[in-house]
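Below is one structure, written out as structure tokens, with a few remarks after it.
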Amino acid sequence: MPFDPKDIMKDRLTDIGPPKYDKFFPPIVKKNYGKWKYHEIIQPGVLVHVSETGDELYSVRVGTPRLVSVDYIREVCDIADKYCDGYVRWTTRNNIEFLVSDKSKLQPLIDDLKSRGNWFPIGGTGASVTNIVHTQGWVHCHTPAIDASGIVKAVMDELFEYFGSHKLPAQVRISLACCLNMCGAVHCSDIAILGVHRKPPFIEHERVQNVCEIPLVIAACPTAAIKPKKVEIDGKEYKSVEINNARCMFCGNCYTMCPALPIADGDGDGIALWVGGKVSNSRVPPMFSKLAVPYIPNEPPRWPTVVQAVKKILETYASDARRYERIGEWINRIGWEKFFEKTGIEFRHEHIDDYRLAMTTWRTTTQFKW
Amino acid sequence: MPFDPKDIMKDRLTDIGPPKYDKFFPPIVKKNYGKWKYHEIIQPGVLVHVSETGDELYSVRVGTPRLVSVDYIREVCDIADKYCDGYVRWTTRNNIEFLVSDKSKLQPLIDDLKSRGNWFPIGGTGASVTNIVHTQGWVHCHTPAIDASGIVKAVMDELFEYFGSHKLPAQVRISLACCLNMCGAVHCSDIAILGVHRKPPFIEHERVQNVCEIPLVIAACPTAAIKPKKVEIDGKEYKSVEINNARCMFCGNCYTMCPALPIADGDGDGIALWVGGKVSNSRVPPMFSKLAVPYIPNEPPRWPTVVQAVKKILETYASDARRYERIGEWINRIGWEKFFEKTGIEFRHEHIDDYRLAMTTWRTTTQFKW
Amino acid sequence: MALKHQTPMLDELTKGPWPSFVADIKRVAERKPQCDDLLGLLELSYKDKEGHWKHGGIVGVFGYGGGVIGRYCDRPDLFPNVAHFHTMRVNQPASKFYTTDVLRKLCDIWEEKGSGLFNFHGSTGDIILLGTTTDQLEPVFYDLTHELGMDLGGSGSNMRTPSCCVGRARCEWSCLDTQDITYDITMRYQDELHRPMFPYKFKFKVSGCPNDCVAAIARADCSIIGTWRDNIRIDQEAVRAYVAGELVPNGGAHGFEKRPLDIQAEVIDKCPTRCMKWDGKNLKIWDEDCVRCMHCINVMPRALRPGEDVGATILVGAKAPILEGAQLSSVIIPFMKMEPPYEEFHEFVEKMWDWWMEHGKNRERLGELIQRLGLREFLKAVGVKPDPRMINTPRYNPYIFYDPADVPGGWERDPVAYRQRHQP
Amino acid sequence: MALKHQTPMLDELTKGPWPSFVADIKRVAERKPQCDDLLGLLELSYKDKEGHWKHGGIVGVFGYGGGVIGRYCDRPDLFPNVAHFHTMRVNQPASKFYTTDVLRKLCDIWEEKGSGLFNFHGSTGDIILLGTTTDQLEPVFYDLTHELGMDLGGSGSNMRTPSCCVGRARCEWSCLDTQDITYDITMRYQDELHRPMFPYKFKFKVSGCPNDCVAAIARADCSIIGTWRDNIRIDQEAVRAYVAGELVPNGGAHGFEKRPLDIQAEVIDKCPTRCMKWDGKNLKIWDEDCVRCMHCINVMPRALRPGEDVGATILVGAKAPILEGAQLSSVIIPFMKMEPPYEEFHEFVEKMWDWWMEHGKNRERLGELIQRLGLREFLKAVGVKPDPRMINTPRYNPYIFYDPADVPGGWERDPVAYRQRHQP
Ligand code: SRM
Ligand code: SRM
Ligand code: SRM
Ligand code: SRM
Ligand code: SF4
Ligand code: SF4
Ligand code: SF4
Ligand code: SF4
Ligand code: SF4
Ligand code: SF4
Ligand code: SF4
Ligand code: SF4
């Protein structure tokens, strides 16, 4: 029965939840669920998992731009139908995995993928730069300081050789968020690309009382920079707010609560780079990413300064770190003073924390390097 | 000219500062100032420093109770006159050092010290428990929750064997402060003994406005538990304060500002023990001491529970740590879960931080031991 | 068909080896005017260096409070086809396995009723249907539920779509049925997922082992991470094979050449607690000192495996920086067996939510509430006893809130008796 | 002579091997009634488990705002001889060397005009004359200045008595003339020491090397710690002697038997940056990676010595917990040459104080003020450029206060132009 716009309650199904996961498991996964014994990456982007039953499952991982069309998905389906009995999965970082249980189909699959131009790059496994987790940017969100997909494309083009190889000291997780809301695990990434505003919002006093709930706006400001204020314009009094610009750190949270406080600004906005975060508990506990470059202007369409800065950090790390050392582990070993020296990044006042837990970041020892 | 009580300005000397340091240097120190080449501890409490000039200076270190009388100091002088050409020094931890430049006087000095009963115990060098840095306690201060000298005496009696030997994994610095003001470097000690109050102050409403500056009292409270309040007693109105007991963490700072808020309480007060702090930059950076035992009641005159708890911690450490590991380094290696297990100390809610930087102390990793 | 808008800047992004979203959108734009206008709008943003989307109004499907993000562009004069451009969040199947069948159907629906563009997937895990008009929301929802057996995911102040790593479906290390746990939470709490009732958003993520391939510890209010309590399983034969260079270390993650593994430098010295020893023949692990970091297992996947007494460590409170700064999740339950029907876990979750709903302020995440009221209050609320595994270090400030119940006489004082002992 | 007060509890503290303050006070109490009453009062405290001293009134010597702590007991009815019992803080000579001559004179003065009891020394470093009456303050002060050439130390909201480790007087590692620096500060800032002018107390401490034997980093608002910029001096011969067991490691601090030093385990593996290597013959140190922690030097004092290009690391802000929690000092000037007349240092100190006096609230230590206003403001005030050596890690929250001077157009916005680009 098709949808009836006049009676939306007819046959209505709600709260059915997602399909049960095993509905889409390939038979080999069903059979060997929980029985996998070990894996091996046989070439960059290609894994084999071996089961206690002796079964072998090959996974071919390909990079995607995440923002994709029906045409793209249909092409993925064509490939999966041809080589994978109609099954396919996505990873937690927006790569696709084509799963092959019949080894004879592996090489043809790889060849096919390679034959399709730049649509299906194979890689993202092991000590590589895998796909960049990212967000909406100028494609859909209302608070971004930067685009998302465009910068990701420009960066991945430049780092492409590291996607399809295992030549880094360890895995490098790059993420991008277009504003301080940080959708994604940007705050714990080896390298994080973050959109930042740098001008306080301006206030459209005539609109505030109509489009915003003033108490919520005030509560939204982490630094208590916003106060209620009555404003007179052309003899009319408006309930509005005032912002203490000196206390504003440009988080945009007030704008999220109130469209009459626009914060985006073409001249002020741009990118901050962060480094040394991680999520896994392997070797060292998870760590936050720390500020590396406070600001780089927006340079669409290809953001060359950002791209080069990311590359410089990555390659300094690649040439200096020891095997298994994530970027954060490398920096912890050499010290931040050496990080700034080796990457040539200027150390500025922005690097010194001045928020709530600032004192826990100061150096309370005479231990440091010259 | 003697002091003239009727004319205190006569011949008045002010701002002369302390005597210049080298006035009291023994000749061998003057001669070899800055030329010392190496040292060796030749037996517990006895050091030799060898100069580039070939000179040798022997130092014999003895423990003191710090709180001493003129008789005691005169006895020290007798000894120093006899063996040290009239020179003597004190260390930064209230031990005395008898300095001998003539080796032939060393053994006689040691013998003499030993002959004088328990007044001049030799030790405090190397991997020992040296003197306990401590404060005033019930002997002189107005805010203590505990005595100082008495507890120190009881603890040192029990740990005496560790004062005159080098059998610990590393040096162990014990400190005591009688209240949260923590006079001394108690907050960075291997083991810290801290006097704690556990009942909120009571308020003498009739006195407050006479003996206290109410705004200062309010500002003195770290948790903002105090508010101004008008109180009516027998028809008379007093400006006073009220205390939100649930926000009080018994720091006593309000009492420091206002004698009409007594906080000491024989039933409530007692001792908290802290462990794992250090000051030196050797190997690992300086560290704060962390809470080990939240509370032990005051048990004068010899505080047996405290003494045994300190000993238990010390001896658990002694039997488990590796050479050079200070208590904090040992705990960092084995983990706090093992510290509590091995010492048998109960882990309680008090151990979990809930003050300003609390979140930096939570375990944000799956890394821990069973 | 020629496109309406010139996009010289975006066209620069069709170059280079990485797949181009611009090239992809362009091919659809030839038949879908929304895509054409989207490119035009994006080109304008590249010129202005400012976004052109306004705040979302409240749009959605009937009876749900989440799952749709309203979006309107601020130049409908220039780009009328994206004047309304709402996204729909579709709850992905756990671990994101699909049949081509379901994907093709999804494409058909979305080509017809929406922009034909997706985020595959959103950062939380949903399939994001990117851009449609208000009148299409109900039809799409109808098709999703009826044709695909799919439902919307979360948005707003409710439970968000839970997600998990691939787990036992294709990983040898998983200590949990990550999919089943995720499915259980999702189904049990459908009401919480669809109808805002919380102070703010609430996220669950489930990783099968401490490698945490779904980044649960960094971005889930409740992070469920697999672990074990017994010993690492060792195949000594295989250890020797690594040392002899017969097996490739780290499953090839660090290069494919066969080379003798320097077990001391690469494994033992990297072990956070140095609880291993290699005597040239056998690897000894002092499991009582192992913190289950996974490193040794990662490096020698054919020799070492997690133990068999498996379960989860439950951590809570992770979030992004707004408002009080980012948090990682903190250990609350060091170990919980996770077996159906997961009653112990449900009980924990519900106590946690009750407390949060009672005390949380508007837009206050669980982690922030715990910061504000203290871990102790939270533990009391969920009925969990303090454990040193919850902390990196005990408090180092002396500002202890002693419990009056533990103090003789509580907070009572006798001022008169005091002043008998002490003259003022 | 029999004592007035029975002290059965205190008498327990005359037992045991550690020197007994009770036994010591008792012998003086036989001739000094203050001491007798002090013991009685202390016994009462042992009974009540409460102190019996009241807040100090403002007492002192003429023209000074500090140096005396007023103290009155709350049972003058029972212990009249300690009804008034003020302490005087006497500025110790740097490193606490004395002649018996000066000590004997001090005893004579104090036996006559005070209780005859001392703290040798107070935690800050002063000689504490423990207990006298108001009328004796001036006479004692007169005698101190005239007979001993000594002066009072600090108390109240002023500079406190600076102190230092033994340094070059008897230690081979000192990178500073600790006494001279201490003396210089003390003399130059006599006014600041004696006359309260600051928001709160301010402490200096000087250690000759990073072992920090005066605990400067934990308890001085300004901590001056010796260090070096060049290379550790190595005597390879002596290194070999340690390894061969001919020299006792760590100067005997860890036992006296001659034993071969396990240089790998005891030195190299304990080096925080692992910047050393022993090839069986020679010890190599990569000094560019050395953080000058002292450990290797401590363990092999006859083989290793600090470099020769010596100076100080200046750190600020340490304090005890009241009010905002304890702080350790933080690096502000990674390296400063410290040579007379110490002009650069004085300039720094004075700028620091000016800023503190301008911005500090009543009872706000420097460290707390820096916490409140940010390190950046402090650095600006003292004219020091940001340096990564000041921090353990750069910020990890994105709450950056960008400087409007660095932003094109500063904080100016053009709302009209904005609304031309963006419809509301
Ligand atoms: C497919 C995927 C899980 C999924 O459900 O989709 C996955 C799969 C595997 N991970 Fe992962 N990880 C996946 C995301 C992650 C993430 C999450 C993220 O990046 O957002 C992490 C945490 C990242 C971090 O710490 O910041 C992650 C940290 C690890 C680690 C720990 C590495 C480390 O040393 O820190 C391992 C162990 C290893 O690689 O040796 C690991 C190991 C593995 C293994 C070897 C597990 C196995 O035996 O099958 C899988 C192949 C790894 C490879 O590609 O080299 N996986 N892995 C995810 C692939 C993402 C992608 O497309 O690139
Ligand atoms: C005499 C004194 C300095 C003074 O000006 O009075 C002093 C003297 C020496 N210290 Fe110290 N230290 C003195 C207080 C300190 C303090 C301060 C304190 O405890 O309050 C510390 C920091 C304590 C801390 O970290 O918590 C201190 C941390 C050290 C260290 C670092 C030890 C470590 O591994 O952390 C060394 C090096 C060593 O012992 O190997 C050291 C080494 C030395 C040497 C070997 C230096 C030398 O070459 O002469 C001296 C003899 C050590 C010994 O007794 O074994 N000294 N030393 C102090 C004696 C105090 C006492 O009576 O017990
Ligand atoms: C679509 C998505 C980004 C993406 O491109 O993938 C997204 C998009 C938005 N996020 Fe997010 N968040 C998305 C995952 C996340 C994540 C990652 C995660 O869930 O694992 C985070 C960090 C983890 C966390 O929750 O803390 C995240 C942290 C935020 C925050 C900051 C919340 C905080 O407590 O700090 C906000 C701001 C807010 O809630 O007001 C936010 C708000 C938003 C809003 C709703 C903007 C707003 O204030 O109205 C964005 C709507 C964009 C749009 O136009 O569609 N989003 N957001 C992700 C959801 C897709 C999905 O359902 O799969
Ligand atoms: C005498 C002495 C303890 C001792 O037995 O040695 C002492 C005794 C007092 N200290 Fe202290 N402090 C003494 C060294 C310290 C130290 C250690 C140091 O200077 O190295 C500290 C920790 C370091 C610091 O300054 O932070 C210290 C931190 C405090 C505090 C907490 C200050 C803070 O900012 O947290 C207070 C409370 C206050 O200032 O209100 C305090 C207050 C006091 C008062 C004045 C009590 C008061 O509030 O009126 C005590 C007077 C006791 C008395 O009756 O004589 N005392 N005080 C020490 C001074 C002797 C000397 O001059 O040599
Ligand atoms: S990071 Fe900010 S701008 Fe980007 S999608 Fe999330 S909320 Fe929107
Ligand atoms: S942008 Fe952030 S800091 Fe600035 S006023 Fe708005 S809420 Fe406050
Ligand atoms: S620690 Fe407290 S009670 Fe003890 S001397 Fe210092 S201020 Fe007084
Ligand atoms: S004791 Fe401390 S916390 Fe309690 S009311 Fe007084 S100042 Fe506040
Ligand atoms: S988290 Fe662990 S179980 Fe899950 S996919 Fe990663 S390695 Fe496998
Ligand atoms: S899992 Fe980690 S902690 Fe445990 S033995 Fe292996 S490397 Fe060590
Ligand atoms: S701090 Fe250094 S220089 Fe001073 S006494 Fe201690 S070891 Fe010697
Ligand atoms: S001083 Fe410390 S950091 Fe430097 S080489 Fe020696 S042990 Fe290593």
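The values are calculated or read from the model by the stated rules, or taken from the named source; none is laboratory data. The shown structure was predicted, so the numbers you read here are calculated from the model rather than taken from an experiment. Every residue, glycine as well, gets a Cβ built from its backbone with ideal geometry; the counts of neighbours run over all protein chains shown. SASA here: full protein model, heavy atoms, side chains in, ligands and nucleic acids out. Shrake-Rupley method; radii C 1.70, N 1.55, O 1.52, S 1.80 Å.
Elements of the type helices (runs of 4 or more DSSP H) sitting completely within the range A:71-177 and holding at least 2 residues that are in contact with a helix residue (DSSP H, G or I) (Cβ under 6 Å, 6 or more places away or on another chain), open to solvent by less than 10 Å² (accessible area, probe 1.4 Å) and of a type outside the set (D, E, K, R): these cover A:149-158. The residues of the range A:17-37 that are open to solvent by less than 50 Å² (accessible area, probe 1.4 Å) and either without any contact (Cβ under 8 Å) to a residue 12 or more places away in the chain or outside any strand (DSSP E or B) (or both), listed by number, are A:Gly17, A:Pro18, A:Pro19, A:Tyr21, A:Asp22, A:Phe24, A:Phe25, A:Pro26, A:Ile28, A:Val29, A:Asn32, A:Gly34. A single entry from B:Arg322, B:Arg326 fulfils the requirement of being surrounded by fewer than 20 Cβ atoms within 10 Å (Cβ to Cβ) and of a type outside the set (A, V, I, L, M): B:Arg322.
Here the range D:299-325 is the region considered, the condition is being open to solvent by 20 Å² or more (accessible area, probe 1.4 Å) and in contact with a helix residue (DSSP H, G or I) (Cβ under 6 Å, 6 or more places away or on another chain), and the residue that is farthest from the other protein chains (Cβ to nearest Cβ) is D:Glu324. Elements of the type strands (runs of 3 or more DSSP E) sitting completely within the range D:96-175 and holding at least 2 residues that are touching a helix residue (DSSP H, G or I) at 6+ places or on another chain (Cβ under 6 Å) and either at pLDDT below 95 or more than 29 Å from D:Asp36 (Cβ to Cβ) (or both): these cover D:97-99. Would you point out the residue of the range B:180-202, among those that are small (Gly, Ala, Ser) and in a loop (DSSP other than H, G, I, E, B), that is modelled with the lowest pLDDT? For the range B:180-202, the residue satisfying everything is B:Ala185. Among the residues of the range D:187-197, none qualifies, meaning not one is within 14 Å of the chain's Cα centre (by Cα) and more than 9 Å from every other protein chain (Cβ to nearest Cβ). Residues of the range D:367-389 that are under 24 Å from the mean Cα position of the chain (by Cα), open to solvent by 40 Å² or more (accessible area, probe 1.4 Å) and touching a residue at least 24 places away in the same chain (Cβ under 8 Å): D:Gln371 alone. Scanning the range D:283-302 for residues that are more than 22 Å from B:Gln171 (Cα to Cα) and touching a residue at least 24 places away in the same chain (Cβ under 8 Å), we see that the one that is nearest to ligand 6 (Cβ to nearest atom) is D:Cys290. Scanning the range D:349-393 for residues that are in contact with a Ser or Thr (Cβ under 6 Å, 6 or more places away or on another chain) and in a helix (DSSP H, G or I) gives no hits. Screening A:Asn298 with (1) in contact (Cβ under 8 Å) with a residue 60 or more places away in the chain; (2) within 30 Å of C:Gln264 (Cα to Cα); (3) not charged (D, E, K, R) gives one miss only, at (2).
If you go through the range A:340-354 and keep only what is in contact (Cβ under 8 Å) with a residue 24 or more places away in the chain and within 24 Å of the chain's Cα centre (by Cα), you end up with A:Thr343, A:Ile345, A:Glu350, A:His351.
Inspection of the range A:341-356 identifies at least one residue that is out of contact with any helix residue (DSSP H, G or I) (no Cβ under 9 Å at 6 or more places or on another chain), within 14 Å of chain B (Cβ to nearest Cβ) and either farther than 18 Å from D:Pro388 by Cα or open to solvent by less than 40 Å² (accessible area, probe 1.4 Å) (or both).
Among the residues making up the range D:214-249, those that are within 13 Å of ligand 4 (Cβ to nearest atom) and either of a type outside the set (Asp, Glu) or more than 29 Å from B:Pro285 (Cβ to Cβ) (or both) are D:Val214, D:Ala215, D:Ala216, D:Ile217, D:Ala218, D:Arg219, D:Ala220, D:Cys222, D:Ser223. Which one is nearest to B:Met287 (Cα to Cα), of the residues in the range D:185-213 that are open to solvent by 10 Å² or more (accessible area, probe 1.4 Å) and of a type in the set (Phe, Trp, Tyr)? Within the range D:185-213, the match that is nearest to B:Met287 (Cα to Cα) is D:Tyr200.
None of D:Asp101, D:Asp77, D:Asp126 is open to solvent by 10 Å² or more (accessible area, probe 1.4 Å) and more than 7 Å from chain B (Cβ to nearest Cβ) except D:Asp77.
Restricting the first member to the range A:38-59 and to residues that are of a type in the set (D, E, K, R), and the second to residues that are within 16 Å of ligand 12 (Cβ to nearest atom) and open to solvent by 50 Å² or more (accessible area, probe 1.4 Å), no beta-carbon pair is closer than 6 Å while six or more apart or on different chains. Here A:Leu180 clears all of (1) away from chain C (no Cβ under 11 Å); (2) among the hydrophobic types (A, V, I, L, M, F, W, C); (3) within 11 Å of ligand 6 (Cβ to nearest atom) except the condition numbered (1). Candidates in the range D:269-322 are the residues that are acidic (Asp, Glu) and part of a loop (DSSP other than H, G, I, E, B); of these, the one that is farthest from ligand 11 (Cβ to nearest atom) is D:Asp279. Exactly one residue out of D:Thr99, D:Thr87, D:Thr124 is β-branched (Val, Ile, Thr) and without any contact (Cβ under 8 Å) to a residue 12 or more places away in the chain, and it is D:Thr99. Residues in the range B:210-239 that are within 13 Å of chain C (Cβ to nearest Cβ) and open to solvent by 70 Å² or more (accessible area, probe 1.4 Å): 1 in all.
When you look at A:Arg207, is it more than 10 Å from chain C (Cβ to nearest Cβ), more than 16 Å from ligand 8 (Cβ to nearest atom) and crowded, with 23+ Cβ neighbours inside 10 Å, yes or no? Criteria not met by A:Arg207.
Restricting attention to the range C:150-165, does a residue exist that is more than 9 Å from chain A (Cβ to nearest Cβ), within 16 Å of ligand 9 (Cβ to nearest atom) and surrounded by 23 or more Cβ atoms within 10 Å (Cβ to Cβ)? Yes, that holds for at least one residue.
Where strands (runs of 3 or more DSSP E) fall wholly inside the range B:222-285, the ranges with 1 or more residues that are of a type in the set (Gly, Ala, Ser), in the same structural domain as B:Ile334 (by the TED database) and away from ligand 5 (no atom under 16 Å from the Cβ) are B:270-275.
In the set (1) at pLDDT 95 or above; (2) assigned to a loop (DSSP other than H, G, I, E, B); (3) open to solvent by 10 Å² or more (accessible area, probe 1.4 Å), the condition left unmet by C:Gln420 is number (2). Checking each residue in the range D:326-348 for being more than 8 Å from every other protein chain (Cβ to nearest Cβ), more than 16 Å from ligand 11 (Cβ to nearest atom) and buried (at least 21 other Cβ atoms within 10 Å of the Cβ) picks out D:Ile332, D:Phe345.
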